[in-house]
Amino acid sequence: MAAPCLEDPSLERHFKGHRDAVTCVDFSLNTKQLASGSMDSCLMIWHMKPQSRAYRFAGHKDAVTSVNFSPSGHLLASGSRDKTVRIWIPNVKGESTVFRAHTATVRSVHFCSDGQSFVTASDDKTVKVWSTHRQKFLFSLSQHINWVRCARFSPDGRLIVSASDDKTVKLWDKTTRECVHSYCEHGGFVTYVDFHPSGTCIAAAGMDNTVKVWDVRTHRLLQHYQLHSAAVNALSFHPSGNYLLTASSDSTLKILDLMEGRLLYTLHGHQGPATAVAFSRTGEYFASGGSDEQVMVWKSNFDVADYGEVIKVHRPPATLATSSGNLPLWDAEEMYGPSSRHTPTPKQTTWSTLVGVSLISRLPGQEER
């Protein structure tokens, strides 16, 4: 198979309809719909097909902080400052079911990969797990000592990771409901966290302008990026696991090449803070939201082949990952410095890299962590 060429990401569309800052974005499984939430208390469902009308869902009584499509795409979850979670049927009727148990703002909502449960994070300092179809609260995880901004399931549903204003990232075992490990290296509030598609690593974004990547098996810090000049508000892994997309209050989006530990692109589109980012399920597109009330859809272009087929056939299961980790060990601050604007020229990339060959290495002279 011929190696695909890396091309610059391009802005495909921008959606206007929110009346306040956009807080969150998420694509449906088939990429036909894009959901966004806003400080205006509404959810919008945008249709990727041109000239299609958007749906506006009103039901929350305060800002919508998080949206997430179920794995099947038949349900859409939202969290709000009104302390509730809603599960919507994403069609023209916009019917929803309300879930109550949190006692403060719900910051984050995320479905498990089987769609049977979802996890929420809240300013009440708890992470809660819920049954989707029984429509009930199941249990709480309660070791954070400040607001919890984000919680996500691992791809296999066995682990949960959470990020908090107590400056920690915590890894939880869903079955035992115990905290497996606390990562305490952030110098400020931790705004967002997510699992690498392989399930072997996590990436966390912070108010200290950094992004850190840890191995969840060894708990070792694998990568550290200090490339933004303001808080990093959100991040999203490309489905291949080779790229990481970040959104920052410095108004930029950045795309990082995780296999080479370098900055690939800095994207300027939003006026004011960029608050939300998400890759589509195939990685062909990504969306961003900002305090400028806009939702933007970008074409990735750095994978010009049909990536959905590639990852379906070639993505190695987590059990094939090497014991030493499946990402290189890099420190981007050492390479570029904290305020660098350097954007390396995109390179030719081979399929052996794109399909996730395990690799662990250090920069010449870099100390073992």
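The values are calculated or read from the model by the stated rules, or taken from the named source; none is laboratory data. No experiment lies behind these values; they were computed from the predicted model shown. As a convention, Cβ positions derive from the backbone with ideal geometry for all residues, glycine included, and neighbour counts pool all protein chains shown. Each accessible area value is taken on the protein alone, full model and side chains, heavy atoms only, with ligands, DNA and RNA left out. Shrake-Rupley method; radii C 1.70, N 1.55, O 1.52, S 1.80 Å.
For segment 174-198, which positions are more than 20 Å from the chain's Cα centre (by Cα) and among the small types (Gly, Ala, Ser)?
Answer for segment 174-198, where residues must be more than 20 Å from the chain's Cα centre (by Cα) and among the small types (Gly, Ala, Ser): just Gly187.
Could you pull out every one of the strands (runs of 3 or more DSSP E) wholly within segment 153-263 that has 2 or more residues that are in contact with a Pro (Cβ under 9 Å, 6 or more places away or on another chain)?
Ranges flagged: 221-225, 232-237, 243-248, 252-257.
Could you grab me the full set of residues in segment 123-153 that are free of Cβ contacts under 8 Å to residues at least 40 places away in the same chain and either touching a Leu at 6+ places or on another chain (Cβ under 9 Å) or small (Gly, Ala, Ser) (or both)?
The answer is Thr126, Lys128, Ser131, Ser140, Ser142.
Answer yes or no as to whether Ser108 is open to solvent by less than 30 Å² (accessible area, probe 1.4 Å), of a type in the set (Gly, Ala, Ser) and modelled with pLDDT of 95 or more.
Yes: the conditions hold for Ser108.
Quick one: which strands (runs of 3 or more DSSP E) lie wholly within segment 1-60 and hold at least 2 residues that are open to solvent by less than 30 Å² (accessible area, probe 1.4 Å) and not hydrophobic (A, V, I, L, M, F, W, C)?
Passing ranges, in order: 33-38.
Among the residues of segment 161-168, are any open to solvent by less than 40 Å² (accessible area, probe 1.4 Å), at pLDDT 95 or above, more than 25 Å from Ala274 (Cα to Cα) and not hydroxyl-bearing (Ser, Thr, Tyr)?
No, every residue in segment 161-168 fails to be open to solvent by less than 40 Å² (accessible area, probe 1.4 Å), at pLDDT 95 or above, more than 25 Å from Ala274 (Cα to Cα) and not hydroxyl-bearing (Ser, Thr, Tyr).
Can you tell me how many residues in segment 160-192 are under 16 Å from Lys128 (Cβ atoms) and of a type in the set (A, V, I, L, M, F, W, C)?
5
Among the residues of segment 117-128, is any β-branched (Val, Ile, Thr), open to solvent by 10 Å² or more (accessible area, probe 1.4 Å), touching a Gly at 6+ places or on another chain (Cβ under 9 Å) and in a loop (DSSP other than H, G, I, E, B)?
no
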